[in-house]
1. Identify, among Thr47, Ser57, Phe14, the residue whose Cα sits farthest towards the positive end of the charge dipole of the chain, taking +1 on the Cβ of Lys and Arg and -1 on the Cβ of Asp and Glu, with the dipole about the Cα centre.
2. Angle, helix 27-37 long axis vs. longest principal axis of the chain, Cα atoms, 0 to 90°, nearest 10?
3. How far is helix 41-51 tilted off the main Cα axis of the chain, in degrees rounded to 10, range 0 to 90?
4. Where Rh is the Kirkwood radius over the Cα pairs of the chain, the temperature 10 °C and the viscosity 1.306 mPa s, what D in µm²/s does Stokes-Einstein return?
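Readers should treat all values here as calculations from the given coordinates under stated rules, not as data from a laboratory. In this text the structure is predicted, and so the values were computed from the model without any measurement. All Cβ positions, glycine included, derive from the backbone under ideal geometry; neighbour counts span all protein chains shown.
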Amino acid sequence: MPQEFMRVTVVLKFPVDPDLYPESKTPADRAEVERENFRDPKILAETAEQFGVESVSVGTFIIE
């Protein structure tokens with residue numbers, strides 16, 4: 001029996017202070033740091049609460 005799943009994409013936009021990323025030399029490096037940080041739901045929620053959510057898109061899809 002197929003299962004229905006939902007994919008939610010949330011866009012956060014926040015200013016970057018390069019000084020907070022002393023080991024990161026490029027924007028891509030800093031983005032990778034945040035990608036790892038956002039694996040922690042608490043950090044993700046705190047960032048969304050502090051800076052707001054720019055957009056949310058929701059789609060459903062079925063996996064068989």
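1. With unit charges placed on the Cβ atoms, the residue in question is Ser57.
2. Here the helix axis deviates by roughly 60 degrees.
3. That works out to roughly 70 degrees.
4. Values: Rh = 13.9 Å.
Here the translational diffusion coefficient equals 114 µm²/s.
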